[in-house]
Structures are given as C-alpha cells and as structure tokens.
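The values are calculated or read from the model by the stated rules, or taken from the named source; none is laboratory data. Computed from a predicted structure; not experimentally measured. Cβ: placed from backbone, ideal geometry, glycine included. Neighbour counts: every protein chain shown. Just the protein is used for accessible areas: all its heavy atoms, side chains included, with ligands, DNA and RNA removed. Shrake-Rupley method; radii C 1.70, N 1.55, O 1.52, S 1.80 Å.
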Amino acid sequence: MPSAETEREKTAPLLRIARSKALETVREMVAGCMQCGTCTASCPNAWAMDLTPRQLWRLVNFGQEEEVLASGTLFMCSTCYTCTLRCPRNLPLTSAMAALKRLAFEHAHKTRRRAAFYRSFVDNIRSYGRVKETALMSMYFLASRDPKLPLAFTAPALRLLGKGKLHWPGRPGRGSLGRLMDAVMNREGRP
Amino acid sequence: MNYAYYPGCSLKESAREYDLSTQAVMESLGAKLTEIPDWTCCGASAAEAVDDLLSLALPARNLALAERHLPGLDVLAPCSACYLNLRRAQEETNRERRVRDEVNAMLGAESLSYGGGVTVRHLLDVLVNDIGPERIEAAVKHFYPLLKVAPYSGCQILRPYRVFDDPEHPTALGRVLKAMYVDVLDWKAGNACCGASLAATKHKVALPAIRAVLDAASEADCIVTVCPMCQMNLELYQKEAGRRMPVLYLTQLMGLALGLPEQLLRVAHNLSVTPDFLRSLPDKAAEAATT
Ligand code: SF4
Ligand code: SF4
C-alpha cells in the first residue's frame, strides 16, 4: 500500500503545522485584518505575487494553510515594512510574513532548497562569527547550489571583482557564535 | 560625544569605504567611536527566516557586549539593516520581560546577559540630532551648491520603528545635505524599497524596484545612501537597469565637503562613480569663506 503511505507522509507535516503554535501565533497577528487592502496597495512587490498580502491574510484567517504555505508570495517580500507602517489596524504584517516563511521551509518540499540557502547562512556565521559578505554571500551560496545561476550572476560578480569588493570566505572572525547558536537551535520547545 | 561603534559585516568587507568615511567624518566632527569588542553578525536578513529567537539573540549579543564593555554609550550603526536588527532587539527585549528572559537564557551559553540599558542609534540620527546641521555647516570647507543630490533614505531607518524621521516624508538626510549647501532633489523615491535581498534571490522582481529609484533620480548628479545594501543594489545592477548614476555614501560626500583625503573616503572605489563624475566635482563646489 505505498500510495496510502505516501499520502500520510504528505499530509502529516501539514496537519502538524495546522495545529502548531507557530501558525496559531500568525493567526493572532493577522486576526484583526479588516480586508481594506492598504497592505496590497502599498507593497512594492505585489505585482509579482500569486496571492496579494490582503488575500494571504484572508486565507490565514480562514484556515487555508496549504494554499498559504505553497504561495510564492512568501518569497517575494523584501521586508520593506511599508504594509506594517500603513495598516490601519497596526498589524505586524512583515513579521507575519517572516513567520509564514519559516513554516513554509518546514512544510513544502520545493522550498527545501531555499531553506538550504538560509541554513548555509547560519552555518556560515556560526563558524565565522561575521558574514563574509552579506549580499555577496547570497550570490555565492545560490551560485553553488544551482548550476544555472552562476551565468545570471557573472556580470555583477565581475563588476565587484574588478573593484576588489568580492572576497572568498577567509579565516574565521574573532568572535565565535558556536555556543550561542547551538543554544538557540537546540533549545527545548523550538518551534 | 562618545559612541559604541557597531560597523557590521558589510562595512568590514564590500562596504569598506563606508566604514572608513564614517570614522573619518565622525572624528573630524568631534565624535569618538569605540568599536564594540568582539562584535558578531546581527543576523542580516537571513536569521529571521530561520528562527525568531535567533533573530533577537544575535543582535542582543552585541548589545550585551556594549553594555558590559562600553557602559552608558549609545550604540551607533551606519548600516540600516544592522540598525534595524539591533533596534528590534532593543525594542522587543524592553517591550516584554518574557522576551528578554528568553534571549538571556540563550546568551547565558556565553556567560553574557543583557540588562536592557542600551539605545541603538543610526548614524543619520546621530548626525542630525547629536551633531546637528549647524555644527556640520561650520566644519564644511567646500560647499556644493551646484551638485544636485537625490537623498535616498531607504526603508529600515524609517520603518517599522519611527525613531528620528517621518517614514512617509523623510527629511533627515536632506537636512544634513543642506548643511553642505548641496542642491537637494525634491523627489518621492527617497523612501522606496531597493529590493533588498530580493536582488540576490528574485532578481527579476528587484530590478524594476531598482530601476524606479534610478529613474526617479535622473535629474540629479548623484544619489546619496546610508546603507550598504541599498548602495550595492543601486550600484551593481545599473547596466541591467539601463541607467548610469553615481551613488555615494553620505559620509563620502561629507568627507569631500570637509576636505578629508581620498584614501579615507575611497570615492573612486564605488562601482558607479566614473572619472567624469570625479572630474566634474570641483566645478560644482564653492569654497567656504574663511573667517
Ligand atoms: S492593511 Fe491591515 S487591515 Fe488592511 S487588508 Fe492589510 S492587513 Fe488587513
Ligand atoms: S514588507 Fe513585504 S509584504 Fe509588506 S509591503 Fe514590504 S514587500 Fe510587501
């Protein structure tokens, strides 16, 4: 009965998420939404989103986690905080977006690769204490994980190299974050 | 005026010129910056996507270090992204005792503890409110009345915490520029988003945002920024965006106005600064009257 098995494997994480405290917290964050659409109208990236912010909050409040967590919208937020600033209900929308992103990392298979990128970031600062490039590190990790990406990044990367602004991860920084990060990532009851 | 200096990772790597020019400008304006000993990454834009407590514990570690080694000093951050992460740790640990206890339970792994006594300030806040336009004007050697500058504040110093500027109509950056008699462009894109980390993860979505800012600045001679992430996004993709525009850090332009040497400002180091732009600068300047 492999199909039943697969079915259970597929739905079990979703059920877990539907009942999770983390999702409950997001629901509390956006429960006061009155669907006025100010967030969507203010969002610079709404044009690229499959669900607008307003639609996303509606689905959260109606318990449609599956749609919410499968939405590309979570990865189109540039954390500009304009929605948070302008929401007439003062809802913490940018934080809600980040919380949903964390849930999506745990849930969907296709976001595993994106999650891997963030985990790499964490591994990186864990061993170096400081990031060996912020924006550039992103390029480096993305390029090393997707064989198609280096092409897209070649021109900008060359420009940076030309100005001596691109550095390879070097020797570790002085402050080490190992103990602090282990404490955070292994703490009891981590969502 | 003494500050606990948090340069952040970018300023020690690709944005070295922002670090050098900040230190040089602040010193010549009479402010003393002491780097927080053993500071570490504030979490950048990635920590919050991994774990909420991590996104508070990483910046809080630096606040705890500042509190221990540089008691009583405000923390000064020139990078807007670092500023927001540190500020968020300050605000959240003060807002709820439970949050500070949770953070401190983690910091305990390093025998650190944060007591809640640190105020995080952005460089622009310190320039406008502690040093002030009058003192800046008095220190300026070369005014730039013919240089039209687009003041780009970006997002994170304005939102979500309304600390020292109006998030819908920011004026702080313009006030500092006016102290150098710069011709400040009146525009609406000064608080628009540069795409932030989407420039790396969703290039096609970030590019229109970058292009919109560059286009809105088309009447200016240059854009001035106060954040290495904004700076990089506005500089790095100009070819793809189809518009050339010099982008300078505020402290680089201030350094020029204060007459500081190029090796401390590294203006020529910016990706978007052309030899033509550098050659045109003296023509746009006027000497301050010597009294
Ligand atoms: S602005 Fe606030 S109240 Fe209006 S739709 Fe968005 S979340 Fe809901
Ligand atoms: S914070 Fe995110 S969702 Fe909100 S307006 Fe900005 S990009 Fe859109």
- Residues of the stretch A:156-186 satisfying the condition of being part of a loop (DSSP other than H, G, I, E, B) and at pLDDT 70 or above: A:163, A:164, A:165, A:176, A:177, A:186
- Item | Flag for residue A:57 being in a helix (DSSP H, G or I) and within 14 Å of chain B (Cβ to nearest Cβ) | no
- Task: Within the stretch A:60-75, work out how many residues are within 16 Å of ligand 1 (Cβ to nearest atom) and in a helix (DSSP H, G or I).
- Result: 5
- Identify, please: which residue in the stretch A:38-51 is over 14 Å from residue A:84 (Cα atoms), within 14 Å of another protein chain (Cβ to nearest Cβ) and surrounded by 14 or more Cβ atoms within 10 Å (Cβ to Cβ) and is, among those, farthest from ligand 2 (Cβ to nearest atom)? A:48
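Going by the structure shown, is residue B:130 touching a strand residue (DSSP E or B) at 6+ places or on another chain (Cβ under 9 Å), open to solvent by 40 Å² or more (accessible area, probe 1.4 Å) and under 21 Å from residue B:32 (Cβ atoms)?
Here the answer is yes, as residue B:130 does meet what is asked.
Would you pick out the residues in the stretch A:1-29 that are among the aliphatic types (A, V, I, L, M), away from ligand 1 (no atom under 15 Å from the Cβ) and modelled with pLDDT of 85 or more?
First, the residues of the stretch A:1-29 that are among the aliphatic types (A, V, I, L, M): A:1, A:4, A:12, A:14-15, A:17-18, A:22-23, A:26, A:29.
Filter again for away from ligand 1 (no atom under 15 Å from the Cβ), leaving A:1, A:4, A:12, A:14-15, A:17-18, A:22-23.
Result: A:22, A:23.
Restricting the search to the stretch B:105-148, which residues are within 15 Å of residue B:66 (Cα to Cα) and not aliphatic (A, V, I, L, M)? Spell out the reasoning first.
Our first condition is that a residue be within 15 Å of residue B:66 (Cα to Cα); within the stretch B:105-148, this holds for B:107, B:110-121.
Once the filter is applied, which keeps residues that are within 15 Å of residue B:66 (Cα to Cα) and not aliphatic (A, V, I, L, M), the stretch B:105-148 yields B:110, B:111, B:113, B:114, B:115, B:116, B:117, B:119, B:121.
Take residue B:33 and decide whether it is open to solvent by 30 Å² or more (accessible area, probe 1.4 Å), within 17 Å of residue B:127 (Cα to Cα), hydrophobic (A, V, I, L, M, F, W, C) and touching a residue at least 12 places away in the same chain (Cβ under 8 Å). So that I can check it myself, show each step before the final result.
Values: open to solvent by 30 Å² or more (accessible area, probe 1.4 Å): yes; within 17 Å of residue B:127 (Cα to Cα): yes; hydrophobic (A, V, I, L, M, F, W, C): yes; touching a residue at least 12 places away in the same chain (Cβ under 8 Å): yes.
It is true that residue B:33 is open to solvent by 30 Å² or more (accessible area, probe 1.4 Å), within 17 Å of residue B:127 (Cα to Cα), hydrophobic (A, V, I, L, M, F, W, C) and touching a residue at least 12 places away in the same chain (Cβ under 8 Å).
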- Of everything in the stretch A:66-82 that's closer than 28 Å to residue B:158 by Cβ and among the small types (Gly, Ala, Ser), which residue is nearest to the other protein chains (Cβ to nearest Cβ)? A:78
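Okay, residues lined up against (1) modelled with pLDDT of 95 or more; (2) within 13 Å of residue A:103 (Cβ to Cβ); (3) crowded, with 18+ Cβ neighbours inside 10 Å:
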position: A:31; (1), (2), (3): yes, no, no
position: A:36; (1), (2), (3): yes, no, no
position: A:53; (1), (2), (3): yes, no, yes
position: A:58; (1), (2), (3): yes, no, no
position: A:65; (1), (2), (3): no, yes, yes
position: A:69; (1), (2), (3): no, yes, yes
- Among what's in the stretch A:76-101 and is open to solvent by 20 Å² or more (accessible area, probe 1.4 Å), out of contact with any Pro (no Cβ under 8 Å at 6 or more places or on another chain) and part of a helix (DSSP H, G or I), pick the residue that is nearest to ligand 1 (Cβ to nearest atom). A:86
